[in-house]
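Visitor: Below you'll find the structure I mean.
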Amino acid sequence: MSTSAKEWPLWEIFVRSRQGLGHKHVGSLHAADAEMAITNARDVYTRRQEGVSIWVVPASAITASSPDDKEPLFDPANDKVYRHPTFYKLPDEVNHM
Amino acid sequence: MSPVEMNLEARFEAYVADEKKIEPKDWMPDAYRKTLIRQISQHAHSEIVGMLPEGNWITRAPSLKRKSILLAKVQDEAGHGLYLYSACETLGVSRDELLDDLHSGKAKYSSIFNYPTLNWADMGAIGWLVDGAAIMNQVPLCKCSYGPYARAMVRVCKEESFHQRQGFQIMLTMAQGTADQRAMAQDALNRWWWPSLMMFGPSDAESPHSAQSMKWNIKRFSNDELRQKFVDMTVPQAELLGLTIPDPDLRWNEERGHHDFGPIDWTEFQEVVQGNGPCNKERLAARRSAHERGAWVREAAAAYAEKQAQRKTSSTEPHAA
Ligand SMILES: [Fe+2]
Ligand SMILES: [Fe+2]
C-alpha cells in the first residue's frame with residue numbers, strides 16, 4: 001500500500017497577523033506548488049482571522065545557522081553590556097533619557 | 001555509549017530539567033527523538049481518525065447552525081492533525097512514512113475513536129467529554145520541552161475550548177428537551193463515560209514510558225492525576241445537566257478532597273488498543289480508502305506543478321540569436 005512515490009514538497013508558512021506587524025513563522029505544510037501552499041496555509045493557519053497576509057517559502061530554500069555555531073555566533077555579544085542603555089548610570093535629573 | 005555521548009546526554013538532561021527548550025537541529029538522545037516521534041505521530045493520527053466518528057453526523061445534523069458548527073469543529077481536528085504531523089516531521093521522519101504506519105496498523109491512535117456514534121447526543125458527549133479529556137491531556141503539553149510540539153499544542157489548545165463548549169451546549173439543549181431527548185443524552189453519557197476515562201492511559205503503575213517522559217519534561221502530570229482532575233471537573237457539570245454518570249461507586253471523598261470512582265475495565269481498553277474495538281476495522285478502512293482514492297489528485301497536482309515549473313524556466317531562458 002505504498003503512497004505516491006513523490007511527496008509534495010514542504011513549505012514554511014509565515015503569517016502577518018495584522019497590518020503594521022511583521023510576518024511570523026507559524027508552521028509548515030506540504031503542497032505541490034506555491035499557489036496551493038497559500039491556499040492550504042489559509043485553511044490550516046488562518047481559520048480564525050489570524051492573518052492578513054501569508055508568505056510561503058520552500059523549506060529547502062532556507063539556510064539556517066547551525067546549533068553548533070551558537071557560541072561563536074552569539075556569545076561575543078555577551079560581554080558588551082555597554083550596548084544596553086541600562087549600562088549608563090546617569091544623574092536622576094536626566095534619568096528619563 | 002561512548003564517553004562523549006554520555007557527556008552530551010548528561011548535559012541534555014540538565015538542560016531540559018532547567019525548563020529549557022529543544023529545537024529541531026539541537027542534539028538530542030535517540031530515545032528522546034523516538035519517544036517524541038511515537039507520541040506526536042500517535043497524537044496526529046488521533047486528530048485525523050477522530051474526524052471520522054463526528055464526520056458521520058455532518059449530513060444529519062439537526063439544523064444548519066449545528067451543521068456549520070460541526071463542520072468547523074471537524075475541520076479544526078484536521079488542522080490539529082496537520083500542525084502535529086509537521087511538528088513530527090521536524091524530527092526527521094517523512095509524512096509518507098507516518099501515513100504508511102497509520103494505514104498499515106503499525107502506529108496507534110487514541111482508542112476512543114474506535115467507538116461508534118449512534119445518536120445526535122453523541123456529538124454533545126464527544127465535545128463535552130472526549131474534547132474535555134483531550135484538553136486536560138493537552139494543556140500541560142504546551143510547556144513540553146520540544147519546541148515545535150509545544151508550539152503546535154498552544155495552537156491546538158486555543159481551538160479546543162470551542163469544541164468542548166459546543167459539545168456541552170448540545171448536551172444542555174437535549175437534557176432540557178423532551179423525555180426522548182433526555183434519554184438520548186443519558187444514553188450518550190453512559191456509552192462515552194468509561195472510554196473517556198481510559199483516554200488518560202493505563203494507571204501509573206502500568207504505564208511503562210511515563211517516568212522517562214516526566215524526566216524529559218514531555219509529560220508533566222501522571223495519567224492517574226489527570227484522570228482524577230477530569231472526574232472532579234466533570235461530576236458537577238453532569239449534575240448541572242441533570243444526568244447520571246454511569247458509575248455506582250462514584251462519590252465525594254471528603255478526606256482526599258477528590259471523587260472516588262469505580263474500577264476501569266482495562267481488559268476492554270487492551271482489546272480496543274489491540275484492534276478489537278467496535279469500529280477499529282471501519283476506521284482504518286476509511287482512512288486507507290480516503291488515502292488511496294486521493295492518490296490521483298496528489299499525483300496530478302505534482303505533475304501540474306512540475307509542468308508549470310518547466311514552462312517558467314523555458315520561458316525565462318535567454319533566446320539564442
Ligand atoms: Fe483536536
Ligand atoms: Fe477537539
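The values are calculated or read from the model by the stated rules, or taken from the named source; none is laboratory data. These numbers come from a predicted model, not from an experiment. Cβ atoms come from the backbone with ideal geometry, glycine included; neighbour counts cover every protein chain shown. To get the accessible areas, we keep the full protein, side chains included, count just its heavy atoms, and leave off ligands, DNA and RNA. Shrake-Rupley method; radii C 1.70, N 1.55, O 1.52, S 1.80 Å.
Visitor: Averaged per residue, what accessible surface does the protein assembly as shown expose to a 1.4 Å probe, in Å²?
Guide: For the protein assembly as shown, the solvent-accessible area averages 55 Å² per residue.
Visitor: What residue among B:ALA17, B:ALA303, B:ALA107 has the largest mean-square fluctuation in a Gaussian network model of chain B, using Cα springs under 10 Å?
Guide: B:ALA303
Visitor: Which residues' amide hydrogens lie under 5 Å from the amide hydrogen of B:ARG220, considering only partners 5 or more residues apart or on another chain, with H built in the peptide plane?
Guide: none
Visitor: Output wanted: per-residue J couplings in Hz (rounded whole) for region B:267-279, from phi through Karplus 6.51 cos²θ - 1.76 cosθ + 1.60, θ = phi - 60°, x for Gly and Pro.
Guide: Computed from phi, the couplings for region B:267-279 are 5, 4, 4, 4, 4, 5, 4, 6, x, 9, x, x, 10 Hz.
Visitor: Same structure, new question: Normalised by the empirical 2.2 N^0.38 Å for globular proteins, what value does the Cα Rg of region B:165-218 take?
Guide: Region B:165-218 yields a ratio of 1.75.
Visitor: I've got another one for you. Of the heavy-atom accessible surface of region A:7-63 (probe 1.4 angstrom), what whole percent is carbon and sulfur? Walk me through the intermediate numbers first.
Guide: Numbers: 1790 of 3280 Å².
C and S fraction of accessible area: 55 percent.
Visitor: In deg cm²/dmol, rounded to 500, what helix-only [θ] at 222 nm does chain B give when every DSSP H run of at least 4 residues adds -39500 (n - 2.57) and the total is split over its residues?
Guide: Details: 14 runs with 205 residues, N = 321.
That calculation yields -21000 deg cm²/dmol at 222 nm.
Visitor: How big is D, in µm² s⁻¹, for region A:7-63 by Stokes-Einstein at 37 °C and 0.692 mPa s if Rh is the Kirkwood radius over C-alpha pairs? Display every interim value, and only then the final one.
Guide: Working: Rh = 11.2 Å.
The calculation lands on 292 µm²/s.
Visitor: Something else: Loop-only check: which chymotrypsin sites (Phe, Trp or Tyr not before Pro) in region B:1-39 are DSSP coil with at most 15 other Cβ within 10 angstrom?
Guide: Details: sites: B:PHE12, B:TYR15, B:TRP27, B:TYR32; in loops: B:TRP27.
For chymotrypsin sites (Phe, Trp or Tyr not before Pro) across region B:1-39 that sit outside H, G, I, E and B with at most 15 neighbouring Cβ atoms in 10 Å, the list reads B:TRP27.
Visitor: Taking amide H atoms as placed 1.01 Å from N in the peptide plane, list the residues 5 or more away in sequence, or in a different chain, whose amide H sits under 5 Å from that of B:TYR146.
Guide: It is B:ILE22, by chain and number.
Visitor: A further question follows. How tilted is helix A:34-45 with respect to the longest principal axis of chain A? Cα atoms for both, answer in degrees (0 to 90, nearest 10).
Guide: With both axes taken from Cα atoms, the answer is about 70 degrees.
Visitor: Okay, next question. Region B:156-191 to region B:1-78: how many Å between their Cα centroids?
Guide: 26
Visitor: Highest first, please rank the peptides B:92-103, B:43-54 by the mean number of other Cβ atoms sitting within 10 Å of their residues.
Guide: Working: B:92-103: 17.5, B:43-54: 22.9.
Sorting B:92-103, B:43-54 by mean packing, highest first, produces B:43-54, B:92-103.
Visitor: Please compare each pair in A:LYS80/B:LYS34; B:LYS73/B:LYS219; B:LYS21/B:LYS281 to a cut-off of 31 Å on the Cα-Cα distance and tell me which ones are over it.
Guide: Numbers: A:LYS80/B:LYS34 40 Å; B:LYS73/B:LYS219 26 Å; B:LYS21/B:LYS281 39 Å.
Flagged as over cut-off: A:LYS80/B:LYS34; B:LYS21/B:LYS281.
Visitor: Relative to the longest principal Cα axis of chain B, at what angle does helix B:179-198 sit, 0 to 90 degrees, rounded to 10?
Guide: Here the helix axis deviates by roughly 60 degrees.
Visitor: Moving to a separate point now. For chain B, find the longest principal axis of its Cα atoms and tell me its angle to the long axis of helix B:64-89, 0 to 90°, nearest 10.
Guide: Tilt of helix B:64-89: around 50 degrees.
Visitor: Let me ask another. Between the alpha-carbon centers of region B:244-279 and region A:1-75, tell me the distance in whole angstrom.
Guide: 42
Visitor: I would also like to ask the following. Considering amide H positions built from the backbone, and no H for Pro or chain starts, which residues 5 or more places from A:SER53, or on another chain, come under 5 Å of its amide H?
Guide: Amide H to amide H, under 5 Å and 5 or more residues apart or across chains, A:SER53 pairs with A:ARG16.
Visitor: Ok, one more. What is chain B's relative contact order, in percent, from Cα pairs under 8 angstrom and six or more apart in sequence?
Guide: Relative contact order comes out at 19 percent.
Visitor: Sorted from largest down, what three extents in whole angstroms do the Cα atoms of chain B have along their principal axes?
Guide: Over chain B, Cα extents along the principal axes are 85, 57, 33 Å.
Visitor: A further question follows. Quick check: convex hull of the Cα atoms in chain A, volume per residue, rounded to a whole Å³?
Guide: Numbers: hull volume 17.3 nm³, N = 97.
So the per-residue Cα hull volume is 179 Å³.
Visitor: Could you name every residue in region A:57-87 that has 20 Å² or more less accessible surface in the full protein assembly than in its own chain alone (probe 1.4 Å, ligands and nucleic acids excluded)?
Guide: Buried by the other chains: A:ALA64, A:PRO67, A:LYS70.
Visitor: If you take the Cα atoms of the protein assembly as shown, find Rg, then find the Kirkwood Rh from the mean of 1/r over all pairs, what is Rg/Rh?
Guide: Values: Rg = 25.0 Å, Rh = 24.4 Å.
Taking Rh as the inverse mean 1/r over Cα pairs, Rg/Rh reads 1.03.
Visitor: Still on this structure: Read phi for every residue in region B:158-164 and hand back ³J(HN,Hα) as whole Hz from Karplus 6.51 cos²θ - 1.76 cosθ + 1.60, θ = phi - 60°, with x for Gly and Pro.
Guide: 4, 8, 5, 5, 4, 4, 5
Visitor: Under the Karplus relation 6.51 cos²θ - 1.76 cosθ + 1.60, θ = phi - 60°, what is the ordered set of whole-Hz ³J(HN,Hα) values for region B:103-119, x standing for Gly and Pro?
Guide: Ordered by residue, 3J(HN,Hα) equals 5, 7, x, 6, 8, 9, 9, 4, 5, 4, 7, 9, 9, x, 9, 8, 9 Hz.
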